[in-house]
Amino acid sequence: MAYRDETPITTDDVNKLMNVLSVGNIDTVAMQVATWMREKMYGDDVREALAQWTLFSAKISEYLINDEQAFKLDITRTKNDLLERQGQVETRQTDLEEQFKAATANLTQDSEVVLARDSAEYGKFTTLDARLENLEQMAAQHIPAGFTVTLKHNQGRNPKVRVRYYEYALGTEPDGIGTGPKGSFGGINNTDVPYSVEYPDANTCVIHLPQGHILNGKPVFEVDKWRLIDGYKTLSFDLGSDIDVEKALAGNSENTAEIDR
């Protein structure tokens, strides 16, 4: 490429390029500045071309950053709007359900059914169905039935098991580390899970869990424990500290988690 252009780069030339850049025509700007650097005959103009290239690169980066920030802001606003609308819908739905329960309660005349609504332990319920639903919810959280996890631990013994549930552990936040709800960094809602366990052989344990703790996926041994991770939710299975890691890892392909049918 010959240095054949002896004309200087003027303020007018620079202003024209700025106008082109302002409408987003980056290719035209890049081609013009590249041509200056290739063809200008004098050192002053070449240095000016380099300077303009630096300035244009910075300006383009600024546009990209601003666009990304604007996009994130739009996404956040949309998410907040959806959450607000969801809350409004849930409130209206709750109101309708309460109205329906009240109407149902007033229609029932059977004294035995009316008396069965109240519990000496858990208080009064609008309808008998509400009381039964409350019992089912408690059962789903505390009775170890409905979800079965099988661990092929390969330890040659029947280890004592501890099961814990927690949310938003590091690495499980949906949008990256530190993006969970306020106060959730490092994990929240850490609780012991009721369970019963069977040992069909010295290398396998079958763990029965409450239906309220059903998660998708399958448990995998990592470092020191077996973990079943479903989004931001985690079930952790601790079989003690004296774990033969190599044998535990070898059993990962045979671990399962199934809903009881």
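The values are calculated or read from the model by the stated rules, or taken from the named source; none is laboratory data. Being a predicted model, the structure only gives us computed values, none of them experimental. Positions of Cβ are generated from backbone atoms using ideal geometry, with glycine treated the same way; all protein chains shown enter the neighbour counts.
Quick one: is Glu136 acidic (Asp, Glu) and over 21 Å from the mean Cα position of the chain (by Cα)? Walk me through it before giving the result.
On the way: acidic (Asp, Glu): yes; over 21 Å from the mean Cα position of the chain (by Cα): yes.
So Glu136 passes the test.
Does the range 142-157 contain at least one residue that is at pLDDT below 80 and part of a helix (DSSP H, G or I)?
Start the filter on the range 142-157 by keeping residues that are at pLDDT below 80, which leaves 142.
Restricting the remaining residues to those that are part of a helix (DSSP H, G or I) gives 142.
The answer is yes; a qualifying residue exists.
Quick one: which strands (runs of 3 or more DSSP E) sit completely within the range 169-261 and have at least 1 residues that are under 26 Å from Gln141 (Cβ atoms), over 15 Å from the mean Cα position of the chain (by Cα) and of a type in the set (Phe, Trp, Tyr)?
Details: elements: 188-192, 196-201, 204-210, 220-222, 225-230, 233-238, 256-259.
Correct list: 196-201, 225-230, 233-238.
Kindly evaluate Asp244 against the criterion of being more than 17 Å from Lys152 (Cβ to Cβ) and either crowded, with 16+ Cβ neighbours inside 10 Å or touching a residue at least 12 places away in the same chain (Cβ under 8 Å) (or both). Write out each step before concluding.
Values: more than 17 Å from Lys152 (Cβ to Cβ): no; either crowded, with 16+ Cβ neighbours inside 10 Å or touching a residue at least 12 places away in the same chain (Cβ under 8 Å) (or both): yes.
The answer is no for Asp244.
Which condition does Phe125 not pass, out of (1) outside the structural domain of His213 (by TED's automatic domain parsing); (2) among the aromatic types (Phe, Trp, Tyr); (3) modelled with pLDDT of 80 or more, if it passes all the others?
Single failed check for Phe125: (3).
Do you know which of the residues in the range 171-188 that are touching a Phe, Trp or Tyr at 6+ places or on another chain (Cβ under 8 Å) and either surrounded by fewer than 12 Cβ atoms within 10 Å (Cβ to Cβ) or acidic (Asp, Glu) (or both) is nearest to Asn80 (Cα to Cα)?
So the residue we want is Pro181.
Testing Asp67 on (1) at pLDDT 65 or above; (2) within 28 Å of Pro174 (Cα to Cα), one condition comes back false. Which one is that?
Single failed check for Asp67: (1).
Determine, yes or no, whether Ala30 is assigned to a helix (DSSP H, G or I), surrounded by 14 or more Cβ atoms within 10 Å (Cβ to Cβ), more than 45 Å from the chain's Cα centre (by Cα) and at pLDDT 75 or above.
Numbers: assigned to a helix (DSSP H, G or I): yes; surrounded by 14 or more Cβ atoms within 10 Å (Cβ to Cβ): yes; more than 45 Å from the chain's Cα centre (by Cα): no; at pLDDT 75 or above: yes.
The answer is no for Ala30.
Only one of (1) more than 26 Å from the chain's Cα centre (by Cα); (2) of a type in the set (Val, Ile, Thr); (3) at pLDDT 65 or above is not met by Thr78, so which one is it?
Answer for Thr78: the failing condition is (1).
In the range 150-161, is there at least one residue being surrounded by 12 or more Cβ atoms within 10 Å (Cβ to Cβ), touching an Asp or Glu at 6+ places or on another chain (Cβ under 6 Å) and farther than 17 Å from Asp224 by Cα?
Within the range 150-161 (the criterion being surrounded by 12 or more Cβ atoms within 10 Å (Cβ to Cβ), touching an Asp or Glu at 6+ places or on another chain (Cβ under 6 Å) and farther than 17 Å from Asp224 by Cα), the answer is no, since none of the residues qualifies.
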